[in-house]
1. For the chain, find the longest principal axis of its Cα atoms and tell me its angle to the long axis of helix 152-165, 0 to 90°, nearest 10.
2. Out of 241, 83, 189, any idea which swings most in a Gaussian network model of the chain, alpha carbons joined below 10 Å?
3. Within the stretch 42-83, what residues put their amide N at less than 15 Å from the label point 7 Å along the Cα-to-Cβ vector of residue 152?
4. Sorted from largest down, give the three principal axis spans of the alpha carbons of the stretch 61-185, whole angstrom values.
5. Take 152, 119 and order them by how many other Cβ atoms sit within 10 Å, fewest up front.
6. Kindly put 123, 132, 240, 175 in sequence by how many other C-beta atoms sit within 10 Å of each C-beta, fewest to most.
7. Reported to two decimal places, what Rg/Rh ratio describes the stretch 1-131 when computed on Cα atoms with Rh from the Kirkwood expression?
8. Among 73, 29, 228, whose mean-square fluctuation peaks in a Gaussian network model of the chain (Cα, cutoff 10 Å)?
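Throughout, read-outs are computed from the coordinates displayed, never taken from laboratory work. No experiment lies behind these values; they were computed from the predicted model shown. Cβ placement follows ideal geometry from the backbone for every residue including glycine, while neighbour counts extend to all protein chains displayed.
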């Protein structure tokens, strides 16, 4: 579904990415890990158009997308969940989700004012879809509350629901469990598994929690400005170069990596 070919990007005089190449198969979860400053978030920014690469190609379902604007990439079917939830605090939880649906007739003020039955029917349909997404992430009971009254972890769940409302087939998730409690971490993991198994989504996951990465991912990609390793979680946990990157000369490296969080970057 996604392929990066020799992506290079320099930021502020620093070579953030140097020849980054990897693939993500449809219907899988790929974990992208690496230490602080490894280029993980920059890679996501390149994929969804927030950053233009200096060279290289990004292919989404075999279509070149490098250099397209973020809104155009979103319309192709790529959704993004940022590290910061960025909810509309003074709007209802339900309305936060409804805003994210693409191509709404109500985006045209004339339709909103004079659309009549057609406009009302679409509003009812989108409200029903938004409630289903809130049910999926465990927030249906908070639908009519102001988003600003949610806890930080609940705002992360709301951010995920909004990402899903874009109807994206590929989800780029930047540290979805950072700063949340164990209950919400478990909830997010359950939701992500469900999205792949029952809803056919594909996920590229940047995550600091190694337990989450190793339990969810079909494939793990290790980044340090370039890809230094890629494979199934079991292989990555045995890779000497990866172990040294995370744990140096620690004696019990193999058993420790599955519990060693990486820093964001």
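1. 70 degrees
2. 241
3. 83, by backbone N distance to the label point.
4. 47, 41, 21
5. On the way: 152 12, 119 17.
Exposure proxy ranking, most exposed first: 152, 119.
6. On the way: 123 16, 132 13, 240 10, 175 21.
Least crowded to most crowded, the residues run 240, 132, 123, 175.
7. On the Cα set of the stretch 1-131, Rg over Rh gives 1.07.
8. Between 73, 29, 228, it is 228 that shows the largest mean-square fluctuation.
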